[in-house]
């Protein structure tokens, strides 16, 4: 199931990036031609907000977020897993509160218009609860994998066993 969501995140992110790129290009050409598309900037910003959340969820799923694990790398594997689990529960509580408050904000902004686009501002604010739920899903997947024994293969909740350079994924410069 997590592979399905991972593919869905990639597809959605790719589509959003392509649309943003095309939208900004068309807007620049139209502005140069003397016919600016006033709504294009608003729509590009809206799509970028959603793209950021899809990218954050993908990075969380792949354990690619920046982090400082100088101290946690020195802990025994079981202790490190317990510490990361506690952090995950804390983050989960934060994301759930943020999702609830973001939903309330979305309901309040239903009638408000987003710039000159004519779209409801709720499309912007609903990205926060949706993104929090995506991140929560990624963290939960990582937590389950870590507790199912992936720790013996060096898989933790937040950090990769090796860096991408050490794993041969990226050439060392």
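At a glance:
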{"quantity": "Residue list for the stretch 120-145, restricted to those being over 20 Å from residue 63 (Cα atoms) and not in a loop (DSSP other than H, G, I, E, B)", "calculated": "120, 122, 123, 124, 125, 127, 128, 129"}
{"quantity": "Residue that is surrounded by 14 or more Cβ atoms within 10 Å (Cβ to Cβ) and farther than 22 Å from residue 129 by Cβ, where the choices are 3, 74, 80", "calculated": "80"}
{"quantity": "Search result, residues across the stretch 102-127 that are within 21 Å of residue 23 (Cβ to Cβ) and surrounded by fewer than 17 Cβ atoms within 10 Å (Cβ to Cβ)", "calculated": "113, 115, 116, 118, 119, 120"}
{"quantity": "Residue among 117, 40 that is part of a loop (DSSP other than H, G, I, E, B) and either within 23 Å of residue 134 (Cα to Cα) or touching a helix residue (DSSP H, G or I) at 6+ places or on another chain (Cβ under 8 Å) (or both)", "calculated": "117"}
{"quantity": "Candidates 29, 24, filtered to the one that is more than 21 Å from residue 160 (Cα to Cα), in a helix (DSSP H, G or I) and in contact with a helix residue (DSSP H, G or I) (Cβ under 8 Å, 6 or more places away or on another chain)", "calculated": "24"}
{"quantity": "Answer residue from the stretch 50-63, given it is surrounded by 15 or more Cβ atoms within 10 Å (Cβ to Cβ) and over 17 Å from residue 95 (Cα atoms) and is farthest from the chain's Cα centre (by Cα) among those", "calculated": "63"}
{"quantity": "Output for the stretch 5-26, where each listed residue is more than 21 Å from residue 123 (Cα to Cα) and at pLDDT 90 or above", "calculated": "25, 26"}
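A quick yes/no check of all residues on (1) over 17 Å from residue 142 (Cβ atoms); (2) touching a strand residue (DSSP E or B) at 6+ places or on another chain (Cβ under 8 Å):
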site: 23; (1), (2): yes, no
site: 36; (1), (2): yes, no
site: 49; (1), (2): yes, no
site: 60; (1), (2): no, no
site: 109; (1), (2): yes, yes
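The values are calculated or read from the model by the stated rules, or taken from the named source; none is laboratory data. Remember, it's a predicted structure, so these values are computed and weren't measured experimentally. Methodologically, a virtual Cβ is constructed for each residue, glycine included, from the backbone with ideal geometry; neighbour enumeration extends over all protein chains shown.
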